[in-house]
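The values are calculated or read from the model by the stated rules, or taken from the named source; none is laboratory data. Everything numeric here is computed off the predicted structure, so don't read it as measured data. Reconstructed Cβ throughout: ideal geometry from the backbone, glycine too, with neighbour counts over all protein chains shown. These accessible areas exclude ligands, DNA and RNA; they are computed on the full protein's heavy atoms, side chains included. Shrake-Rupley method; radii C 1.70, N 1.55, O 1.52, S 1.80 Å.
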There are 2 protein chains.
Amino acid sequence: MKAARYYGQRDIRIENIPEPDLRPGTVAIDVAWCGICGTDLHEYAEGPIFVPPAGHPHPISGESAPITLGHEFSGTIVDLGDGVTDLEIGQSVVVEPYIVADDVDTGPGQRYQLSKNVNFIGLGGCGGGLSEKIVVKRRWVHPVGDMPLDQAALIEPLSVSRHAVVRSGARPGQTAIVGGAGPIGLLTLSVLKAYGLKVFISELSAARKAKATAAGADGVFDPREGSVAEMVRDQTQGRGADVAFECSSVPAVLDMLVDAVRPGGVLVNVSIWGHKPAVDMPRLVLKEIDLRGTLAYANDHPDTIALVRQGKVNLKQFITSRIALDKLVQDGIEELIHNNEHQVKIIVNPRA
Amino acid sequence: MKAARYYGQRDIRIENIPEPDLRPGTVAIDVAWCGICGTDLHEYAEGPIFVPPAGHPHPISGESAPITLGHEFSGTIVDLGDGVTDLEIGQSVVVEPYIVADDVDTGPGQRYQLSKNVNFIGLGGCGGGLSEKIVVKRRWVHPVGDMPLDQAALIEPLSVSRHAVVRSGARPGQTAIVGGAGPIGLLTLSVLKAYGLKVFISELSAARKAKATAAGADGVFDPREGSVAEMVRDQTQGRGADVAFECSSVPAVLDMLVDAVRPGGVLVNVSIWGHKPAVDMPRLVLKEIDLRGTLAYANDHPDTIALVRQGKVNLKQFITSRIALDKLVQDGIEELIHNNEHQVKIIVNPRA
């Protein structure tokens, strides 16, 4: 079968590899669509980061580069391993792409995303969504009902946003400020709107501002036009936002959010930082702000899928391009690196 | 009466000023002892910070420099204003030294320390504990029973630590790491021990290390002897501390605490920063750490007083010097600035 294999920095190859074997307790899936994630771009341009380098196998998967990429994917069940009795061949599903030790509890309330040596299918081994087929353990498979499979490929990043929103403790009727309207900023906006908040966005790019407005932002503020924190206070009777989300990895945005959130508010950092940014600790102390890290998801997939199936989140608007696997680097990764203002999600069909 | 008056940077004068008037709803207190706080040192060496400069009266107190200093104090009730019926002349009390607007709710669960224009008695006006007598509103007066009045002067900073510990969500049986064994680090250690935690301290100074050990630390780690985070993991089956407290204002300590706290743990910043320190955001994200600011106290005084009265916190050990008001600058403030390793709390008798 065809697969996109990561060999090292700026070295991704489309190759033919053997199909994976069905084992007891696993599910075989024909991949329909796989999104390209910011993490994939980082691996390509600056990695390996999550990918275990050749000669340094991951302690759980036992694999190292080359590995098959792709962790935001949907597909159709084509076979069920022994003991898997609660799924059916033909079902549309998504995969929660974790690599964790077998004895890690993934039950309700468990924070398995923080377990030792955690990694991701499609980065740390175990196959990936940028291939025609994958076999994964039952516990990572989530049926999506009649959700179109192209949209279902966006459930994984939407779960990241859903997890971040839950981390914030946001409640209906509250006000949020989201810093940055890239893919994760837009998806976080969507979840916040679905949960009944008023949502403001800070963004510079005209193209992204338009997308935020279309996605339901109650206000889109441009830092070049004045203090965004002041604009937020103007809209909240001087109080500030109840919750804030850093989705830009820009120090000035982080600073603005510490300013824009109300005393006693919560600021969730959703973005990935390549360095240690300065944090306005004097203000964080005087306002008793909670600055919370958020990592991926844990038991978020079912509720995330429900948000989309109930029509509360429209994922279709965020699919800006569809490409075949052969064009992954040129029309996918390079396009996102050089033209990211105009793209949200590029999804890849590994069987095209 | 005698009072220590702050005129400006390095300009504190012991003067004679009129006694304050008793008004309806207020309580007149003869001050017994008043501690010197790190905040007082900052006002002296780098201020005015909290003190409203001359010509810029505080919006609630209406006062500006010169103001009477001192916000960590105990005393005896000598008179009660009209309408104060639930206290008695002769009672030993401490004052929760807030200046907030009259309409701010200070009931249970209210975070009045975050209210608009909040300031402190003894910094923002309304008299201070570094004078013979003070008159304060009933709601800020807390009886201390038979607690010795010298120890009672430490209830205010102990309430800061109690509030920080509550902010952390620490539970009995958990493990804490405290960065820095200055006055607030030592008091935070004491509260954590009173609440049944195992507590490790990171500290360089030999004198402070000895004080931490005497105060009940379960381990005192010196960063010069290796990675303190590793030492904490060695003591916690590799897991890390459940809660961490930054009490040093040292960037390397903040970094160490982000490393030493377990995944999903809470790091409370108790210290005051004069700049915006770099924060290890990559690690904060990967471990889903909560970094929480904490400011002073709110409805913490009664439980703080109970900890001492029940014998769970020994405040006596932290009183390292007693001086008369006339010696405030020379034997109090300058001593703490230049010889702080060997002092914890210097308390001042304004009537001596």
Next on the checklist: B:LEU192 - would you say it is within 16 Å of B:ALA214 (Cα to Cα) and crowded, with 24+ Cβ neighbours inside 10 Å?
Outcome noted: yes
B:ASP40: passes all of (1) open to solvent by 20 Å² or more (accessible area, probe 1.4 Å); (2) closer than 15 Å to B:GLU334 by Cβ but (1)
Going residue by residue through the stretch A:63-70, is there one that turns out to be in contact with a Cys (Cβ under 7 Å, 6 or more places away or on another chain) and closer than 18 Å to A:GLU156 by Cα? yes
The residue that is farthest from B:ARG167 (Cα to Cα), considering only those in the stretch B:265-291 that are in a strand (DSSP E or B) and in contact with a Ser or Thr (Cβ under 6 Å, 6 or more places away or on another chain), is B:VAL266
- Query: Within the stretch A:323-331, can one find any residue that is touching a strand residue (DSSP E or B) at 6+ places or on another chain (Cβ under 9 Å), buried (at least 22 other Cβ atoms within 10 Å of the Cβ) and not in a strand (DSSP E or B)?
  - Reply: yes
Checked against (1) away from chain B (no Cβ under 14 Å); (2) open to solvent by 10 Å² or more (accessible area, probe 1.4 Å); (3) under 26 Å from B:VAL118 (Cα atoms), A:ALA241 satisfies every condition except (2)
Only unsatisfied item for A:ILE272, checking (1) modelled with pLDDT of 95 or more; (2) open to solvent by 30 Å² or more (accessible area, probe 1.4 Å); (3) aliphatic (A, V, I, L, M), is (1)
Picking from B:PRO277, B:PRO282, B:PRO302, B:PRO251, the residue that is at the interface with chain A (Cβ under 10 Å from one of its Cβ atoms), in contact (Cβ under 8 Å) with a residue 24 or more places away in the chain, surrounded by fewer than 21 Cβ atoms within 10 Å (Cβ to Cβ) and not charged (D, E, K, R) would be B:PRO251
When restricted to A:LEU186, A:LEU149, the only residue touching a Gly at 6+ places or on another chain (Cβ under 8 Å) and at pLDDT 95 or above is A:LEU149
ask   = So is B:ASP234 more than 24 Å from the chain's Cα centre (by Cα), surrounded by fewer than 18 Cβ atoms within 10 Å (Cβ to Cβ), more than 14 Å from chain A (Cβ to nearest Cβ) and over 30 Å from B:GLN113 (Cα atoms) or not?
value = yes
Of the candidates B:VAL78, B:VAL84, B:VAL27, B:VAL51, the one satisfying the condition of being over 30 Å from B:HIS275 (Cα atoms), surrounded by 24 or more Cβ atoms within 10 Å (Cβ to Cβ) and of a type in the set (A, V, I, L, M) is B:VAL27
Residue count, the stretch A:285-299, condition crowded, with 21+ Cβ neighbours inside 10 Å and more than 7 Å from chain B (Cβ to nearest Cβ), comes to 3
For the stretch B:1-24 the number of residues that are open to solvent by 50 Å² or more (accessible area, probe 1.4 Å) and either among the charged types (D, E, K, R) or assigned to a strand (DSSP E or B) (or both) is 8
Filter the stretch A:106-121 for residues that are more than 11 Å from every other protein chain (Cβ to nearest Cβ) and either among the small types (Gly, Ala, Ser) or in contact with a helix residue (DSSP H, G or I) (Cβ under 6 Å, 6 or more places away or on another chain) (or both); the one that is nearest to A:HIS71 (Cα to Cα) is A:THR106
Checked pairs for the stretch A:66-94, first aromatic (Phe, Trp, Tyr), second in a loop (DSSP other than H, G, I, E, B), C-beta under 6 Å and 6 or more apart or across chains, list as A:PHE73/A:GLY129; A:PHE73/A:ALA153
With the first residue restricted to the stretch B:192-218 and required to be within 21 Å of B:GLY311 (Cα to Cα), and the second required to be aromatic (Phe, Trp, Tyr) and in a strand (DSSP E or B), Cβ contacts under 7 Å at 6 or more apart or on different chains are B:ALA217/B:PHE200; B:ASP218/B:PHE200
Of the listed residues (B:SER131, B:SER159), the one being in contact with a His (Cβ under 7 Å, 6 or more places away or on another chain) and of a type outside the set (Phe, Trp, Tyr) is B:SER159
The condition from (1) aliphatic (A, V, I, L, M); (2) closer than 29 Å to A:VAL228 by Cα; (3) more than 14 Å from chain B (Cβ to nearest Cβ); (4) open to solvent by 10 Å² or more (accessible area, probe 1.4 Å) that A:LEU158 misses is numbered (4)
Out of all the residues in the stretch A:339-352, is one or more among the charged types (D, E, K, R), open to solvent by 50 Å² or more (accessible area, probe 1.4 Å) and either under 25 Å from A:ALA153 (Cβ atoms) or at the interface with chain B (Cβ under 9 Å from one of its Cβ atoms) (or both)? yes
Quiz item: surrounded by 18 or more Cβ atoms within 10 Å (Cβ to Cβ), modelled with pLDDT of 95 or more and either in contact with a Gly (Cβ under 6 Å, 6 or more places away or on another chain) or not small (Gly, Ala, Ser) (or both), is that true of A:ILE99?
Solution: yes
Verdict on B:VAL268 being of a type in the set (A, V, I, L, M) and either within 15 Å of A:ILE289 (Cβ to Cβ) or at the interface with chain A (Cβ under 7 Å from one of its Cβ atoms) (or both): yes
Checked the stretch A:307-316 for anything exposed (fewer than 15 other Cβ atoms within 10 Å of the Cβ) and assigned to a helix (DSSP H, G or I); matches are A:ARG309, A:LYS316
Taking the stretch B:254-264 and keeping residues touching a strand residue (DSSP E or B) at 6+ places or on another chain (Cβ under 6 Å), more than 10 Å from chain A (Cβ to nearest Cβ) and outside any strand (DSSP E or B) leaves B:LEU257, B:ALA260
